[in-house]
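Okay, structure first, notes after.
The values are calculated or read from the model by the stated rules, or taken from the named source; none is laboratory data. It should be emphasised that the depicted structure is a prediction, and the values quoted were computed from it without experimental measurement. Reconstructed Cβ throughout: ideal geometry from the backbone, glycine too, with neighbour counts over all protein chains shown. Ligands, DNA and RNA are excluded from the accessible area calculation, which covers all protein heavy atoms including side chains. Shrake-Rupley method; radii C 1.70, N 1.55, O 1.52, S 1.80 Å.
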Amino acid sequence: MLERRLDLPARYDFAGTLGQLSMGTHDPCRRFIDGVFWHAARTPDGPGSLGLHRDGRAEAYGPGAEWLLDRADAVFGLRDDLGEFRALAQTHPVVADLAHRHGGLRLPATGQVFPHLLRAVCEQKVTGKEAYQAYSAIVRRFREPAPGPHPTLLLPPSAEQVGSLRYYDLHPLGLEQRRADTLLRAARTPWPDREPEATARRMLALVGIGPWTVAEVMRNAHGDPDAVSVGDYHIKNQVAWALAGEPRATDERMLELLEPFRGHRGRVCQLLTRAGIGAPRYGPRAPIRSFRSY
């Protein structure tokens, strides 16, 4: 085990910041266990796990321990530069209030693309429960325990592992052919460390990946504060309701309302989510489907 201690800023939002990386409370690869946030990863040096504590202590295990510790400050969100956001926030009373009440929220960055791309593709155009079922099933298809003290913490599958599958392997795990083909294209595309802009361009060049998926990946992999999930079913309404009192909106209207915060538009969306602000709901919830039976 290797350790590192970091100084967290005053009012640091431990749960809100790190919870952005986890797909629910039962994410097999990233979740809170006994008050510690655990992040399992495949690094250039090998597999590893990183445990982040509320007091700023970071512990890491496995061949990738040193690589993970070097990035522990980024995963904590300490490389997140708020820049001019505090001044921009004052241009709208709701955003100003959120910036004050949730001033400890940071945007974490793992520095890894494919694990977040796997999750985002599973989330395309389905309910959260359907997305989690597929994502969890794919991770458990390979079921590799991460180094460290928690045997239930699993490594995310590598791009090579996922790329070795075929559609008929993914269908029983909960992916219909459209998402399965997108995931296989992504898994068979090289994703070396590169500048965020180049990563975004490469993603957009793949059939089946659009602005929503790119934003979801860029926010978690690179901590992009301007990443807006255009095409999301809920976020456009969330933004319009919070900033203009409009219960429904288009993506164009959402971007219009977020324009004064350019450079930090994604941060505004994350603050709204952290505050639990949502647009009024009309009608029944979408049904939970099982794509395995299709």
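Search region 1-27 for residues being touching a strand residue (DSSP E or B) at 6+ places or on another chain (Cβ under 7 Å) and crowded, with 22+ Cβ neighbours inside 10 Å, and hand back the single one that is nearest to R140 (Cα to Cα).
Checking each candidate, the answer is L21.
Only one residue in E160, E197 is in contact (Cβ under 8 Å) with a residue 12 or more places away in the chain, acidic (D, E) and assigned to a helix (DSSP H, G or I). Which one?
E160
From A221, A134, A186, A146, grab the single residue that is in contact (Cβ under 8 Å) with a residue 60 or more places away in the chain, hydrophobic (A, V, I, L, M, F, W, C) and closer than 30 Å to F85 by Cα.
The match here is A221.
Within region 164-177, track down each residue that is more than 21 Å from the chain's Cα centre (by Cα), open to solvent by less than 80 Å² (accessible area, probe 1.4 Å) and either closer than 24 Å to S49 by Cα or not aliphatic (A, V, I, L, M) (or both).
Once the filter is applied, which keeps residues that are more than 21 Å from the chain's Cα centre (by Cα), open to solvent by less than 80 Å² (accessible area, probe 1.4 Å) and either closer than 24 Å to S49 by Cα or not aliphatic (A, V, I, L, M) (or both), region 164-177 yields S164, Y167, D169, H171, P172, E176.
Conditions: (1) part of a helix (DSSP H, G or I); (2) surrounded by 17 or more Cβ atoms within 10 Å (Cβ to Cβ); (3) within 18 Å of the chain's Cα centre (by Cα); (4) not polar (S, T, N, Q). K129 meets all but one. Number of the miss?
Just one mismatch for K129, condition (2).
Residue-by-condition table, conditions (1) over 20 Å from the mean Cα position of the chain (by Cα); (2) under 30 Å from A99 (Cα atoms); (3) crowded, with 20+ Cβ neighbours inside 10 Å:
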{"position": "G148", "(1), (2), (3)": "yes, no, yes"}
{"position": "R179", "(1), (2), (3)": "no, no, yes"}
{"position": "T182", "(1), (2), (3)": "no, no, yes"}
{"position": "V207", "(1), (2), (3)": "yes, no, no"}
{"position": "V214", "(1), (2), (3)": "no, yes, yes"}
{"position": "A227", "(1), (2), (3)": "no, yes, yes"}
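How many residues are hydrophobic (A, V, I, L, M, F, W, C), farther than 17 Å from A109 by Cβ and outside any loop (DSSP other than H, G, I, E, B) if we restrict to region 5-22?
So the count comes out to 1.
Taking region 193-205 on its own, how many of its residues are under 26 Å from D169 (Cα atoms) and loosely packed, with under 13 Cβ neighbours inside 10 Å?
Result for region 193-205: 2.
Of all residues in region 72-94, which are open to solvent by 10 Å² or more (accessible area, probe 1.4 Å) and out of contact with any Leu (no Cβ under 8 Å at 6 or more places or on another chain)?
R79, D81, L82, G83, E84, R86, A87, L88, Q90, T91, P93
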